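Notes for the one structure printed next.
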Amino acid sequence: MSDLGIQAHLERRWGASDPVSLVSPNRFQPASFSPAFPVTPYRYRAVSLATTANAAAGMRSIHSKADKPFKDQIPPIYTGRHLWSDIRPTTSNMLPSPLVAYEELPLPNSDRAELPSCTVRWRFTGRFSLNREEDIARGSIRLQVRRFLASNNSVNTSCMVNFPRGVGRGRVVEVTVSPENLDTVAAVQLVFNGSQLQRLFVGPDLPRTSLVIEVLGIPLPLRTAWFETAANIASLLQPHVRVHDIWVAQKSYANDPTPPEDTNNMVALASLSPGEDGGVDPYSFHSLPDYLNVGGAECKLVYARRLS
């Protein structure tokens with residue numbers, strides 16, 4: 001229907017009106033035209049005065065999507081608060097340090113779960129082509145690591161350089177060393193093509209029988225007494241594994257001064273009896289329970305083992 005046809009139809013229903021106000025604001029609109037209602041780029045679509053006024057004044061929109069917290073759009077940072085250790089404290093009210101930092105645990109579904117023991121992973125930040133420069137980068141990185149170990153009086157300077165396929169879009173490199181050199185190599189600053197590499201993960205020197213257990217869905221009443229809950233979980237897991245440390249998983253956000261928030265998940269570092277190859281015994285591993293009754297709630301257990 002043409003503009004004139006629409007105008008005639010509206011005049012029959014609502015009475016005569018200014019013909020200019022009935023046409024699209026993008027066509028035939030004089031420069032001095034100032035409509036009484038907000039103009040929308042969509043022809044004849046109604047506009048809410050309340051919504052427009054609120055938006056102009058910076059007030060909260062009435063639309064539900066606009067009320068979504070800004071934090072939901074920011075990836076959280078996951079950390080852990082140490083709650084329990086199988087090592088007796090040397091002083092009262094002093095919890096011993098865990099075997100490894102929470103950030104270095106091979107958590108389930110994480111890149112750290114695929115990181116071998118005594119291995120450090122870096123990311124190339126500058127120009128690097130895995131197809132064309134793999135051999136050059138391998139020789140350069142091996143030479144830098146061995147020189148750094150020698151400068152720190154390390155007797156064993158041997159190392160293995162690996163470029164894992166399917167990880168980090170072909171822009172990561174891993175260096176594996178002997179256990180006594182792990183902390184030293186984690187501090188080296190590698191450079192390639194004039195750009196310093198970024199250190200990503202450190203695969204701690206954990207026994208091959210180690211595994212990480214996530215306890216999901218801790219009931220709300222038990223979250224008011226985390227230390228007692230951690231001791232209870234350790235006791236419930238002991239018939240199946242040897243528990244070393246337990247944390248409560250926390251999350252926070254970058255540039256947010258708010259302290260990390262406790263989640264309803266706990267993480268345990270444990271170990272199993274060794275199998276014939278010295279790693280985790282497969283029969284013991286497959287006999288582990290899928291759920292744990294914690295305070296009357298069935299909490300799901302998720303396991304992760306570090307690659308041998």
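Using 1/(1 + (r/R0)^6) with R0 = 41 angstrom and r between the beta carbons of Arg81 and Arg142, what's the FRET efficiency to the nearest 0.05? Mind dumping the intermediate values first?
Working: r = 39 Å, r/R0 = 0.94.
It comes to 0.60.
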Task: Size of charge dipole - region 118-203 - debye, nearest 20, with Cβ of Lys, Arg +1 and Asp, Glu -1, no other charges - done: 320 debye
TODO: Per residue of region 232-241, in order, report the coupling 6.51 cos²θ - 1.76 cosθ + 1.60 (Karplus, θ = phi - 60°) as ³J(HN,Hα) in whole Hz, putting x for Gly and Pro.
DONE: 5, 5, 4, 5, 6, 8, 4, x, 10, 9
TODO: Please work out the FRET efficiency for the pair Glu228 and Arg199, using the Cβ-Cβ distance as r and a Förster radius of 41 Å; give the result to the nearest 0.05.
DONE: 0.65
Open item on the list: Can you compute the charge dipole magnitude of region 218-278 about its Cα centre, using +1 on each Lys and Arg Cβ and -1 on each Asp and Glu Cβ, nothing else charged? Give it in debye, rounded to the nearest 20.
Closed with: 160 debye
Task: Kirkwood hydrodynamic radius (C-alpha pairs) into Stokes-Einstein, region 136-237, 4 °C and 1.567 mPa s, D in µm²/s - done: 76 µm²/s
- [ ] Tell me the label-point distance for the pair Ala186, Glu298, using the 7 Å Cα-to-Cβ offset, in nm and rounded to one decimal.
- [x] 3.9 nm
- [ ] Would you mind putting 172-183, 290-301 in packing order, based on average other-beta-carbon counts within 10 Å, highest first?
- [x] 172-183, 290-301
Open item on the list: Residue by residue through region 259-275, what is 3J(HN,Hα) from phi via Karplus (6.51 cos²θ - 1.76 cosθ + 1.60, θ = phi - 60°)? Round to whole Hz and write x for glycine and proline.
Closed with: x, x, 9, 5, 9, 9, 10, 10, 10, 10, 9, 9, 8, 10, 5, x, x
TODO: Find, among the GluC sites (Glu not before Pro) in region 190-286, those assigned to loop by DSSP (not H, G, I, E, B) with at most 16 other beta-carbon atoms within 10 angstrom.
DONE: Glu276
TODO: Place +1 on the Cβ of every Lys and Arg and -1 on the Cβ of every Asp and Glu in region 118-203, take the dipole about the Cα centre, and give the residue among Gln198, Phe128, Asn152 whose Cα lies farthest towards its positive end.
DONE: Phe128
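Quick note: the coordinates plus some simple rules give every number you see, no bench work behind them. Keep in mind that what you see is a predicted model, and the values were worked out from it rather than measured. Positions of Cβ are generated from backbone atoms using ideal geometry, with glycine treated the same way; all protein chains shown enter the neighbour counts.
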